[in-house]
1. I want to make sure I understand the PRE zone here: with the label point 7 angstrom from the Cα of residue 221 toward its beta carbon, which residues in the stretch 273-293 have backbone N atoms less than 19 Å away?
2. Which entry is the computed volume of the Cα convex hull per residue in Å³ for this structure: (1) 163; (2) 137; (3) 198?
3. Only counting other Cβ atoms within 10 Å, I'd like 347, 301 sorted with the fewest neighbours first.
4. Taking the Cα centre of each part, how many Å lie between the stretch 186-226 and the stretch 1-59?
5. Determine the relative contact order of the chain: mean sequence separation of Cα pairs under 8 Å and six or more apart, normalised by residue count, in whole percent.
6. Are there any trypsin sites (Lys or Arg not before Pro) in the stretch 241-323 that are in a DSSP loop and have at most 15 other Cβ atoms within 10 Å? List them by number.
7. Which entries of 24/340; 78/204; 28/218; 220/332 have Cα-Cα distances beyond 26 Å here?
8. Can you give the longest run of the chain that contains no GluC sites (Glu not before Pro) sitting in a DSSP loop with at most 13 other Cβ atoms inside 10 Å?
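Derivation of every value follows stated rules applied to the coordinates shown; laboratory data play no part. Note that the structure is a prediction, hence the values are computed from the model and not measured. Every residue, glycine among them, receives a Cβ derived from its backbone with ideal geometry; neighbour counts consider all protein chains shown.
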Amino acid sequence: MAIDLKNMPKLGFGLMRLPETDGKIDHKAVCSMVDAYMNAGLTYFDTAYVYHSGLSEVEAKEAIVKRYPREAFTLATKLPAWEMKTMDDRDRIFNEQLERTGAGYFDFYLLHSVEDGNIDTYEGLDCFTWGLQKKAEGKIRHFGFSFHGSPALLEQVLDDHPEIEFVQIQLNYLDWENPVVRSGELYQILHEREIPMIIMEPVKGGNLASLPAALEEKYKAVRPEASIASWALRFVASLPGVMTILSGMSNEEQMQDNISTFTHFEPLSDSEKQLVEEVRKIMLDTPLIGCTGCRYCCDGCPMQISIPDVFSAVNTLRLYPNDTFRVKSFYKGLTEKYGKASDCIQCGQCESVCPQHLSVIELLQQAAQQLD
């Protein structure tokens, strides 16, 4: 069964950054956001085995599966290479996901974060053939993968596995020519092969939702009522071949803003494309840590350092060098609950799972010099 592209919602609800209260997922808030999303006629939910330390899939069951007819929504989740050692682990994880979500089947199932460092695991454990078997059993409707590797690897995997129905990539206007992410090159490969794309990190973990005042003024001068995040979403949604754009929304305000962007969607005009390019060039003149806040690095950190929040503090100082007091206050509160940047023991666990391939250890050392 081919993917019904005409009926795929342009906005997907990513369940990676759900609202929390006292360190736990705020179920009531999630239900409210799910209802707003569904009432807008949107249906695509994206989770993963590792999101919220495994609790995202559980929340999908409580907030979506138990509250809506199964045919009313589509659910995607993912198989993580770093959680597998043997072929038996494939079914172990998959069955656990079915139990966690109560979904019965997954509309979209992905090999999670395929990259140069883990493709041998997926190939060695024969995960592509396994995925097709699950599809034949009716437990997967559509099979693909999310990708964080090189353009050469993407072409290799697509050549080796023509059975792949879709690919999920990171794409936003800031990363279009990023030498690590290489969004533009990955997009071109998939577009030329006419492979449907799901887009993650369109607002780069929130980094493109709030900009320095001078840059926000450029956008506001053209569209005074539009949010800054809407520019990033419209950039991605204006590209041919994009099937669905995931947004990891954390509150009702973000949900309503994104729904508004897509309810009466307007592609970027030529002059707006030029403006986005101008903003991008200015932003790239300020070197920032390219952390998207996925938090893969946090679960296995032996010193319990909240690495994305540390990097957020550093980036804030880089963009707003006079905001030292507020940043230091934020960092003080953070380290009352989590480890300090200087607590890093350089074990490398964080770097082994970072989709952005950041030199986390070195960056934490730099952060410690600024913040500790």
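1. 273-285
2. Identified label for the calculated read-out: (2).
3. Ranking 347, 301 by Cβ neighbours within 10 Å, fewest first, gives 347, 301.
4. The stretch 186-226 and the stretch 1-59 have Cα centres spaced 20 Å from each other.
5. For the chain, the relative contact order is 15 percent.
6. Nothing satisfies the criteria.
7. 28/218; 220/332
8. 1-136
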